[in-house]
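Contents: one structure, followed by commentary.
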Amino acid sequence: MTEYGASPVTVQKAMRRLIGLGLVESRPGVGTFVRGTRAVRPADYGWQTAPLGTPQSRGHALSSTQRSGAPDAIGLHSGYPARELLPERLVRTALTRVAKTEAAMMRSPAAGAPDLQAWFAAELASTAPAGVASANPRDALIISGSQSGLSSIFRAVVGAGRPLLIESPTYWGAILAAHQAGVTLVPIPAGAHGPDPVEVDRAFARTGARAFYAQPTFANPTGVSWAPSTGRAVLETVRQHGAFLIEDDWAHDLGIDADPHPVAAYDDDGHVIYLRSLTKSVSPAIRVAAVIARGPARDRILADRAAESMYVSGLLQAAALDVVTQPAWRTHLRSFRDHLRDRRDLLASSLREHTPSVHLDTVPVGGLNLWVRLPDGRSPAAIASACETRGLIVAPGAEWFPAESPGPYLRLNYSGENPSRFPEAARILEEVLSIS
Ligand SMILES: Cc1ncc(COP(=O)(O)O)c(C=O)c1O
């Protein structure tokens, strides 16, 4: 032990870390010294202004959901479940197990590990009604998170300069991916129980669009699920127009008071391109998802994936498959559901009690967010910034609209923050609304 109580090994480790960080330098035979701070000339990147020009798309800034705030701030902006809601033991055991297998050293096929492809296809098939031919395992393409799948689908199936129908509001990442793919967005009101199929039909006819991106189940940000009749009618409309429904089933494992019923389960002629992600139910570090598509659309998406990233780490695929095929996976999904319900209800009741100025239209039956409306005339961006100075981070709603926002909204995520802080968050929001 040193005179301060630390063991020599601990001190050596600390020194190595400081040297690694460049804060301390060791001169052999002389001693160890704190590195002097030299005045460094500020870098001049001004030359980059001319070659870069103005940004081609609006995707050059981070979403407000990706920001990190002060460590003690209450974060209701981020889209990821808290660590204690995730199946940590299952994930760690899976990683240990797969580290000893071939998957640790081998390249995966471009379409993904066959067993994992089969699992995703079987999951979708398990919700299909009798008489509908299920997707083949080869139709399930493994991707590293569904965000990259959105980009591929928009590039490969829609194409630059061509129209894409999209719900409004919808996931900001889909709007971003579409902008980056150069696709022209045609907003369709998302509706309280899904879009109006007549409106979808008219928009297809008016614009000549050949695809509709939608989240029929526990949509981000509203939490809305389509009525079953809406799903059937939209599928019929899509068929009549010889078009695709791009169904983003991001919240398949995030049901609270309802189970998911993907529209894709009713499709056997390749009109639905289906996305399912495990990022939020397994682990954001094992970022595995799948696109299920059939026919030439499947081949085009695969070609785009191969050009973009060649293949997904086989180790991560094997770990994901290990987790979801353990008996404890089902137990995890049940307790996940209970935790999400408690959190959702606590945030909703905190808002009812402490934030009478905001309007919560519906308490969602699944997903991770409450979508609240502020009093008319308030600026969500200004409210969010005033909240942040008081230690509360919220996401202003404008990012979820492909065009202008028709009202002032905030998205409040109940899955990431410690729920004991929800009442305080609701009080801060009300205080900001009452003075700004
Ligand atoms: C609707 C929707 N789609 C796709 C994604 C991207 O998820 P992943 O982590 O699988 O890339 C998200 C992430 O929040 C989302 O909300």
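The values are calculated or read from the model by the stated rules, or taken from the named source; none is laboratory data. Note that this is a predicted model, so its numbers are computed, not measured. For neighbour counting, all protein chains shown are included, and Cβ atoms are generated from backbone atoms with ideal geometry for every residue, glycine included.
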* To do: Quick one: which strands (runs of 3 or more DSSP E) lie wholly within the range 132-206 and hold at least 1 residues that are without any contact (Cβ under 8 Å) to a residue 60 or more places away in the chain and assigned by TED's automatic domain parsing to the domain that holds I246?
  => 163-168, 184-189
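Does A265 fit the bill of being within 16 Å of the ligand (Cβ to nearest atom), in contact with a Ser or Thr (Cβ under 7 Å, 6 or more places away or on another chain) and in contact (Cβ under 8 Å) with a residue 60 or more places away in the chain?
Working: within 16 Å of the ligand (Cβ to nearest atom): no; in contact with a Ser or Thr (Cβ under 7 Å, 6 or more places away or on another chain): yes; in contact (Cβ under 8 Å) with a residue 60 or more places away in the chain: yes.
Considered against the rule, which asks whether it is within 16 Å of the ligand (Cβ to nearest atom), in contact with a Ser or Thr (Cβ under 7 Å, 6 or more places away or on another chain) and in contact (Cβ under 8 Å) with a residue 60 or more places away in the chain, A265 comes out as no.
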* Could you please give the count of residues in the range 144-156 that are under 20 Å from A265 (Cβ atoms) and more than 8 Å from the ligand (Cβ to nearest atom)? => 1
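Got a number for residues in the range 22-52 being within 30 Å of Q12 (Cα to Cα) and in a loop (DSSP other than H, G, I, E, B)? Quick ask: steps written out before the conclusion?
Step one: list which residues in the range 22-52 are within 30 Å of Q12 (Cα to Cα), which gives 22-40.
Among the residues that remain, those that are also in a loop (DSSP other than H, G, I, E, B) are: 22-23, 28-30, 35-40.
Within the range 22-52, residues that are within 30 Å of Q12 (Cα to Cα) and in a loop (DSSP other than H, G, I, E, B) number 11.
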* Structure fact -> Inside the range 398-416, the number of residues satisfying the requirement of being among the charged types (D, E, K, R) and either in contact with a Phe, Trp or Tyr (Cβ under 8 Å, 6 or more places away or on another chain) or crowded, with 23+ Cβ neighbours inside 10 Å (or both) is 2
* Candidates T222, T230, filtered to the one that is touching a helix residue (DSSP H, G or I) at 6+ places or on another chain (Cβ under 9 Å), within 18 Å of D361 (Cβ to Cβ) and more than 16 Å from the ligand (Cβ to nearest atom) -> T230
* Among the residues of the range 409-436, write down those that are in contact with an Asp or Glu (Cβ under 8 Å, 6 or more places away or on another chain) and either at pLDDT below 95 or closer than 17 Å to T65 by Cα (or both). => A425
* **The lone exception for L374 - which of (1) under 19 Å from the mean Cα position of the chain (by Cα); (2) farther than 13 Å from L76 by Cα it fails** => (1)
* Please give the number of the condition T217 fails out of (1) within 22 Å of S415 (Cα to Cα); (2) surrounded by 24 or more Cβ atoms within 10 Å (Cβ to Cβ); (3) away from the ligand (no atom under 14 Å from the Cβ). => (3)
* To do: Please give the helices (runs of 4 or more DSSP H) falling wholly within the range 294-410 in which 1 or more residues are more than 30 Å from V157 (Cα to Cα) and in contact with a helix residue (DSSP H, G or I) (Cβ under 9 Å, 6 or more places away or on another chain).
  => 314-324, 327-354, 380-389
* Quick one: G194 ticks every box in (1) at negative phi; (2) buried (at least 23 other Cβ atoms within 10 Å of the Cβ); (3) not hydroxyl-bearing (S, T, Y) bar one, so which box is it? -> (1)
* **Filter result for the condition that a residue is in contact with a Lys or Arg (Cβ under 9 Å, 6 or more places away or on another chain) and either surrounded by 11 or more Cβ atoms within 10 Å (Cβ to Cβ) or closer than 30 Å to H339 by Cα (or both), over L62, L86** => L86
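Of these, V312, V263, which one is farther than 29 Å from P364 by Cβ and aliphatic (A, V, I, L, M)?
Details: V263 fails: farther than 29 Å from P364 by Cβ.
One residue alone meets the criteria, V312.
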* In the range 76-101, which residues are more than 21 Å from W250 (Cα to Cα) and either of a type in the set (K, R) or at pLDDT below 95 (or both)? -> R89, R92, R97, K100
